[in-house]
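The values are calculated or read from the model by the stated rules, or taken from the named source; none is laboratory data. Everything numeric in this text was worked out from a predicted model, so none of it was measured. Positions of Cβ are backbone-derived with ideal geometry, glycine not excepted, and every protein chain shown enters the neighbour counts.
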Amino acid sequence: MHQFAIVEETSESVMKTHHSQILVKTSECMQFVNLTEMVATVVARSGISSGLVNIQTRHTTTALIINEDEPLLIEDIKQILERYVPREADYQHNDFSRRVDIPPDEPLNGHSHCKALFLPTSVNVNLADGQLQLGRWQSIFLIELDDSRERSVSVLVMGQS
């Protein structure tokens with residue numbers, strides 16, 4: 001049997017919200033962009049010290065994760081995603097002869113959409129005393145699953161000042 005204890009508790013009644021958009025110019029497929037410092041800057045500008053931060057990508061071919069910023073681990077994650085969803089596989093999404101309403105600049109990116117199926121489009125991080133409550137090795141990453149382009153990440157800070 002497990003024993004639990006509540007070690008700290010705070011309550012306030014007035015909730016504020018602050019929304020920001022982070023623009024990121026990616027440079028390659030499977031690029032991991034560490035957003036942790038930028039999200040912390042948004043939190044600091046919000047004036048909110050206790051609450052929740054929601055970070056959401058606004059694209060179907062990007063993902064957000066919280067993981068360790070260690071280059072070999074990032075390479076492992078890339079290899080696993082490529083093994084399960086190879087770029088060179090045959091994707092019906094890439095068969096433009098069968099699709100309608102295709103934009104003129106539409107890339108062959110069935111692999112990107114299918115990789116996104118296995119990854120979240122948003123992450124939430126608790127906020128206490130104005131600080132993101134991330135563990136020692138945790139970082140917030142945007143993952144580019146397609147080719148380079150400008151991406152937009154929505155950050156919503158909710159809580160009390």
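Some notes on this structure:
- One residue stands out in region 121-161 among those that are of a type in the set (V, I, T) and out of contact with any helix residue (DSSP H, G or I) (no Cβ under 8 Å at 6 or more places or on another chain): the one that is surrounded by the fewest Cβ atoms within 10 Å (Cβ to Cβ), namely T121.
- Screening region 61-161 for strands (runs of 3 or more DSSP E) wholly inside it with 1 or more residues that are in contact (Cβ under 8 Å) with a residue 12 or more places away in the chain, more than 19 Å from S27 (Cα to Cα) and small (G, A, S) returns the ranges 122-128, 139-144, 150-160.
- Enumeration of residues in region 95-110 that are surrounded by 12 or more Cβ atoms within 10 Å (Cβ to Cβ) and of a type outside the set (D, E): P107, L108, N109, G110
- For region 96-106, the condition holds for no residue, the condition being that it is modelled with pLDDT of 95 or more and small (G, A, S).
- The set of residues from region 23-53 being in a strand (DSSP E or B) and either farther than 17 Å from M158 by Cβ or not hydrophobic (A, V, I, L, M, F, W, C) (or both) comprises L23, V24, K25, Q31, F32, V33, N34, S50, G51.
- Unmet requirement for V14, which otherwise passes all of (1) of a type in the set (V, I, T); (2) surrounded by 11 or more Cβ atoms within 10 Å (Cβ to Cβ); (3) modelled with pLDDT under 95: (2)
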